[in-house]
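Novice: This is the structure I have questions about; it appears just below.
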Amino acid sequence: MSDLAHHLDAVHQRIALAAQRAGRDPRDITLLAVSKTFPADDVRAASAAGQRAFGENYVQESIAKVEALADLRASIEWHFIGPLQSNKTRPVAQHFDWVHSVDRLKIAQRLSEQRPDELAPLNVCLQVNVSGEASKSGVTIDEAAGVAREIAALPKLRLRGLMSIPEPAGDLEAQRVPHRQLRELYEQLRADGLALDTLSMGMSADLEAAVLEGATIVRVGTAIFGARDYSH
Ligand SMILES: *Cc1c(COP(=O)(O)O)cnc(C)c1O
């Protein structure tokens with residue numbers, strides 16, 4: 001087995017153990033392999049090892065990869081998870097299946113307008129800044145219900161749920177706190193009538209905490225592909 005296949009296996013085992021501890025079915029948790037900065041060939045190898053969903057952060061880099069892997073398009077689900085400027089939404093609306101990082105209504109409106117008619121609605125998550133830090137993107141917990149309702153009404157989008165990127169925290173209990181806050185918000189929005197089914201939370205360092213708090217998608221880069229090199 002290749003290193004990559006071993007790493008994928010190990011991450012699936014972490015998810016399965018955490019799910020067991022939470023009394024959840026591991027099949028209810030999707031592993032999103034975050035391939036940003038890694039070449040298309042690594043995505044190809046992960047796909048050959050059975051991985052289906054891939055996450056990307058940078059528009060130019062990701063479109064080049066989607067195009068290089070056009071032959072695998074039917075067996076890959078592409079998820080955009082990075083910061084999105086409003087002048088860069090069009091290629092994302094044209095090439096991706098999901099966007100997790102919708103952090104304001106204007107971005108959602110543009111994605112809806114630019115989603116090609118022949119494609120299924122774009123699946124989106126509303127990014128929530130759970131800790132409320134001014135430096136981070138995402139709506140506040142207080143703004144979330146209003147923005148979610150407006151996004152849910154857009155014709156070419158399907159609002160699936162919520163996403164967050166909490167500050168790194170040391171131990172499991174500390175890691176669970178922001179994930180629990182996002183899950184509570186999610187439950188409240190569902191109780192208010194929004195048809196959500198996705199909680200995108202947890203990365204290499206805190207996926208167990210996220211699964212224990214109800215994550216349905218964990219976004220894992222380093223534990224699958226190795227450390228990222230941003231020098232080129
Ligand atoms: C890079 C990134 C990840 C993956 O992080 P790792 O720590 O490498 O697992 C997950 N989510 C987002 C939004 C990212 O930008």
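The values are calculated or read from the model by the stated rules, or taken from the named source; none is laboratory data. The shown structure was predicted, so the numbers you read here are calculated from the model rather than taken from an experiment. We place every Cβ from the backbone using ideal geometry, glycine too, and count neighbours over all the protein chains shown.
This table checks each residue for (1) out of contact with any Leu (no Cβ under 7 Å at 6 or more places or on another chain); (2) more than 16 Å from the ligand (Cβ to nearest atom).
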| site | (1), (2) |
| --- | --- |
| 89 | no, yes |
| 95 | yes, yes |
| 107 | no, no |
| 110 | yes, yes |
| 134 | yes, yes |
| 138 | yes, no |
| 152 | no, yes |
| 156 | no, yes |
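Novice: Taking segment 192-232 as the search range and keeping residues that are of a type in the set (A, V, I, L, M, F, W, C) and in a helix (DSSP H, G or I), which one is nearest to the ligand (Cβ to nearest atom)? Write out each step before concluding.
Specialist: To start, the set of residues in segment 192-232 that are of a type in the set (A, V, I, L, M, F, W, C) comprises 194-196, 199, 201, 203, 205, 207, 209-212, 215, 217-218, 220, 223-225, 227.
Applying the additional criterion that residues be in a helix (DSSP H, G or I) yields 207, 209-212, 223-225.
Details: 207: 8, 209: 13, 210: 11, 211: 14, 212: 17, 223: 6, 224: 8, 225: 8 Å.
Ranking the candidates gives 223 first.
Novice: Right, next: Residues in segment 86-98: is at least one crowded, with 19+ Cβ neighbours inside 10 Å, over 30 Å from residue 113 (Cα atoms) and touching a Phe, Trp or Tyr at 6+ places or on another chain (Cβ under 6 Å)?
Specialist: Quick first cut of segment 86-98, residues crowded, with 19+ Cβ neighbours inside 10 Å only: 89, 92-93, 95-96, 98.
Subset that is over 30 Å from residue 113 (Cα atoms): none.
Taking every residue of segment 86-98 in turn, none turns out to be crowded, with 19+ Cβ neighbours inside 10 Å, over 30 Å from residue 113 (Cα atoms) and touching a Phe, Trp or Tyr at 6+ places or on another chain (Cβ under 6 Å).
Novice: Could you tell me which numbered condition residue 167 fails, if it satisfies all but one of (1) crowded, with 21+ Cβ neighbours inside 10 Å; (2) among the acidic types (Asp, Glu); (3) within 14 Å of the ligand (Cβ to nearest atom)?
Specialist: Tallying (1) crowded, with 21+ Cβ neighbours inside 10 Å; (2) among the acidic types (Asp, Glu); (3) within 14 Å of the ligand (Cβ to nearest atom), residue 167 fails exactly one: (1).
Novice: I need the full set of residues from segment 146-164 which are surrounded by 15 or more Cβ atoms within 10 Å (Cβ to Cβ) and in a helix (DSSP H, G or I), in order please.
Specialist: Passing the criteria: 147, 148, 151, 152.
Novice: Got a number for residues in segment 114-140 being buried (at least 19 other Cβ atoms within 10 Å of the Cβ) and either assigned to a helix (DSSP H, G or I) or touching a Pro at 6+ places or on another chain (Cβ under 6 Å) (or both)?
Specialist: 1
Novice: Within segment 57-78, can you find the residues that are surrounded by fewer than 18 Cβ atoms within 10 Å (Cβ to Cβ) and under 13 Å from residue 47 (Cα atoms)?
Specialist: Hits for segment 57-78 are 70, 71, 72, 73, 74, 75, 77.
Novice: Restricting the search to segment 24-40, which residues are out of contact with any His (no Cβ under 7 Å at 6 or more places or on another chain) and near the ligand (Cβ under 10 Å from one of its atoms)?
Specialist: Start the filter on segment 24-40 by keeping residues that are out of contact with any His (no Cβ under 7 Å at 6 or more places or on another chain), which leaves 24-30, 33-40.
Selection gives 33, 34, 35, 36, 37.
Novice: Which members of segment 97-113 meet the condition of being touching a residue at least 40 places away in the same chain (Cβ under 8 Å) and either at positive phi or not in a strand (DSSP E or B) (or both)?
Specialist: 104, 105, 108, 109, 111, 112, 113
Novice: With the condition being farther than 21 Å from residue 225 by Cα and at pLDDT 95 or above, I'd like the helices (runs of 4 or more DSSP H) fully within segment 1-95 carrying at least 2 qualifying residues. Even if it seems obvious, please write down each step before you answer.
Specialist: On the way: elements: 3-22, 40-48, 59-68, 89-95.
Fully inside segment 1-95 and qualifying: 3-22, 89-95.
Novice: Kindly establish whether residue 19 is in contact (Cβ under 8 Å) with a residue 40 or more places away in the chain, within 15 Å of residue 218 (Cβ to Cβ) and either more than 15 Å from the ligand (Cβ to nearest atom) or buried (at least 20 other Cβ atoms within 10 Å of the Cβ) (or both). Steps first, answer last, please.
Specialist: Details: in contact (Cβ under 8 Å) with a residue 40 or more places away in the chain: yes; within 15 Å of residue 218 (Cβ to Cβ): yes; either more than 15 Å from the ligand (Cβ to nearest atom) or buried (at least 20 other Cβ atoms within 10 Å of the Cβ) (or both): yes.
The answer is yes for residue 19.
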